[in-house]
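> One structure, pasted below without further comment.
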Amino acid sequence: MSKIILADNHLVFSAAANAERAALSLFSLASAIYPGDNEDLVNHFVRETIEAGLTLGLNARKVIELCHLEDVKISQTRWKYGFGLEMRENSFREVRNRFVRARQLRVRTLRHPERVFGNDVVMTEFIITADRREPAHIDIFGFAWAYLSQIAPEIGLPD
């Protein structure tokens, strides 16, 4: 007779750990200032940001579904910018679904007003186009912060 091993807790803990690592990475990536004159370096970090965003979106979806968590609001931002506010998505549930259904995923970079490297840029938001809907703008820092401050504390990860 074979044993059946229940993996529910492992699924939650694995998805939560992956989501938390991705959120911490996004938190750092969205807080940094990049040398805009070094296109290769900026593109490297844009790819890292996309990978972390996808990882957070997909794993957070699993965590929220398995733990039956309520939706949370994305309200924080690291950089102040005034465009796209009417299209900014602030429902974490909607954002994670956008990552699952994404057909196009871009990262917006903007010039930083102060000089650290010279032609400095910061990463401000994801722009996700999915399922014949208008593109949604998601604050990168806010997405990470919502997970870290409102969702992760609801999950009892083992030490």
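> With equal scatterers on the alpha carbons only and no solvent term, can you work out the Debye log10 of I(q)/I(0) for the range 97-143 at 0.25 1/Å?
Relative scattering, expressed as log10 I(q)/I(0), comes to -0.85.
> May I ask you to give the solvent-accessible area per residue for the chain, in square angstrom, as obtained with a 1.4 angstrom probe? Show your work: numbers first, answer last.
Working: 9310 Å² over 159 residues.
Normalised by residue count, the accessible surface of the chain is 59 Å².
> Another one. I'd like the carbon and sulfur percentage of the solvent accessible area for the chain, probe radius 1.4 Å, heavy atoms only, ligands and nucleic acids excluded.
Details: 4630 of 9310 Å².
Taking all protein chains in place, the chain shows 50 percent carbon and sulfur surface.
> Moving on. When the gyration tensor of the chain is built from Cα positions, what are the square roots of 5 times its three eigenvalues, in whole Å, from largest to smallest?
Details: eigenvalues 186, 58, 41 Å².
Semi-axes from the Cα gyration tensor: 31, 17, 14 Å.
> Note down the relative contact order for the chain as a percent, whole number, built from C-alpha pairs under 8 angstrom at least six residues apart. Intermediate results must be reported in sequence, preceding the final value.
Values: 256 pairs, mean separation 48.9, N = 159.
The normalised contact order for the chain reaches 31 percent.
> Hey, another quick one. Would you mind checking which residues have amide H under 5 Å from V121's amide H? H placed 1.01 Å from N; only 5 or more apart, or other chain.
Y34, G36, H112
> Extending each Cα 7 Å along its Cβ direction at R47 and R103, get the distance between those two points in nm, one decimal.
2.6
> Report, in deg cm²/dmol and to the nearest 500, the calculated mean residue ellipticity at 222 nm for the chain, where each DSSP H run with n ≥ 4 adds -39500 (n - 2.57) and the sum is divided by the residue count.
-15000 deg cm²/dmol
> Restricting attention to the range 27-92, which trypsin sites (Lys or Arg not before Pro) occupy a DSSP loop and are surrounded by at most 12 other Cβ atoms within 10 Å?
Details: sites: R47, R61, K62, K73, R78, K80, R88; in loops: R78, K80.
Within the range 27-92, the qualifying trypsin sites (Lys or Arg not before Pro) (loop, at most 12 other Cβ atoms within 10 Å) are K80.
> What's the longest uninterrupted piece of the chain once you rule out the chymotrypsin sites (Phe, Trp or Tyr not before Pro) that are loop residues per DSSP with at most 16 other Cβ within 10 Å?
Values: sites that count: Y81, F83, F117.
In short, 1-80.
The values are calculated or read from the model by the stated rules, or taken from the named source; none is laboratory data. Being a predicted model, the structure only gives us computed values, none of them experimental. When we count neighbours, we look across all protein chains shown, and the Cβ atoms used for this are built from the backbone with ideal geometry, even at glycine. What goes into the accessible areas is simple: the full protein's heavy atoms, side chains included, and nothing from ligands, DNA or RNA. Shrake-Rupley method; radii C 1.70, N 1.55, O 1.52, S 1.80 Å.
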